[in-house]
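Asks: Here it is: the structure, laid out below.
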Amino acid sequence: MKKLSLGNAALKCLIACDPEEKIKATHNVVQLWKAECLEVNFTINCLPNIPGRPMRPTLVAPRKLSTRKLTSAAGRAALIHAITHIEFNAINLAWDAVCRFHGLPKAFYDNWIQIASEEAYHFCLLDTYLHSLGYKYGDFPAHNGLWEMAQKTAHDPLVRMALVPRVLEARGLDVTPGMVDRLQQAGDLQAVAILKIIFRDEVGHVAIGSHWFHYLCKIRGLDPETTFCHLVTRYFKGKAHSSLHRQARLEAGFSESELHMLENIK
């Protein structure tokens, strides 16, 4: 029996617009992959510039997003919505990596299918909790920074691994403990529990990005620390970085010299 194409199956997940449809498609592909019903085969010549997503939330510039206090229910809902949006984008980023980057070891696709599955789980946790607060995904505006970086790194898996998992997603490792503390102070223990699950899994996701970044540097004969520094300063020059969660980043595959560079970037 001929196996189905992983690329075609992943594309269906990527282009699904309705969140429920995207989650269902993700679960289906994960199960097919585990059952070895899919082969690493790509028949797609052109991928969409914009992934499947619902009409809402409205996408705005980050500076136009208002800050709300976590002491109010609406403020906590706005924070949960922002994280829900990040996780929705992360599902698309995982499937885009599977669809876009060909000729890599099977373990690469194993890893990114695992990430897609875990990001879908995070989205469901957050979306369910958002409903319990009387809101739904799309009720607040959001920004498109994650996907904009996906577009900028679509030409090269090395650049994608360096800048999406190791910069944008790694920032979540830095800021999540502070959000957990503030939500704990506000008495929102359910949100705290969800964020702790996400934090645990995201350390692994960033570590996967680090692994494949180092793999690609090795086969191209590049020094990973020098290459990472060059890419960060090229794409993020002048952008402020929050305080680093050093221990989490070390667990996720960063070196001490990389952390020093990030802490001193101008």
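The values are calculated or read from the model by the stated rules, or taken from the named source; none is laboratory data. This is a predicted model, so every value here is computed, not measured. Ideal geometry is used to build each Cβ from the backbone, glycine not excepted, and the neighbour counts take in all protein chains shown. These accessible areas exclude ligands, DNA and RNA; they are computed on the full protein's heavy atoms, side chains included. Shrake-Rupley method; radii C 1.70, N 1.55, O 1.52, S 1.80 Å.
Asks: For L250, only one of the following conditions fails: (1) more than 17 Å from the chain's Cα centre (by Cα); (2) crowded, with 16+ Cβ neighbours inside 10 Å; (3) in a helix (DSSP H, G or I); (4) hydrophobic (A, V, I, L, M, F, W, C). What is its number?
Replies: (2)
Asks: Looking at region 41-48, can you tell me whether even one residue there is over 17 Å from L130 (Cα atoms), open to solvent by 80 Å² or more (accessible area, probe 1.4 Å) and touching a residue at least 40 places away in the same chain (Cβ under 8 Å)?
Replies: No, region 41-48 contains no residue that is over 17 Å from L130 (Cα atoms), open to solvent by 80 Å² or more (accessible area, probe 1.4 Å) and touching a residue at least 40 places away in the same chain (Cβ under 8 Å).
Asks: Identify all residues within region 140-153 that are open to solvent by less than 30 Å² (accessible area, probe 1.4 Å) and in a loop (DSSP other than H, G, I, E, B); write none if there are none.
Replies: The answer is F140, N144, T153.
Asks: Any residue at all in region 83-104 that's free of Cβ contacts under 8 Å to residues at least 60 places away in the same chain, out of contact with any Ser or Thr (no Cβ under 9 Å at 6 or more places or on another chain) and surrounded by fewer than 15 Cβ atoms within 10 Å (Cβ to Cβ)?
Replies: Yes: one or more hits.
Asks: Could you count how many residues in region 58-82 are open to solvent by less than 40 Å² (accessible area, probe 1.4 Å), in contact (Cβ under 8 Å) with a residue 12 or more places away in the chain and in a helix (DSSP H, G or I)?
Replies: Selection size over region 58-82: 5.
Asks: Among the residues of region 192-236 satisfying the criterion of being β-branched (V, I, T) and farther than 30 Å from M179 by Cβ, which is surrounded by the fewest Cβ atoms within 10 Å (Cβ to Cβ)?
Replies: Among them, the one singled out is I219.
Asks: On the given criteria, is V167 within 12 Å of the chain's Cα centre (by Cα), surrounded by fewer than 23 Cβ atoms within 10 Å (Cβ to Cβ) and in a helix (DSSP H, G or I)?
Replies: So V167 fits the description; yes.
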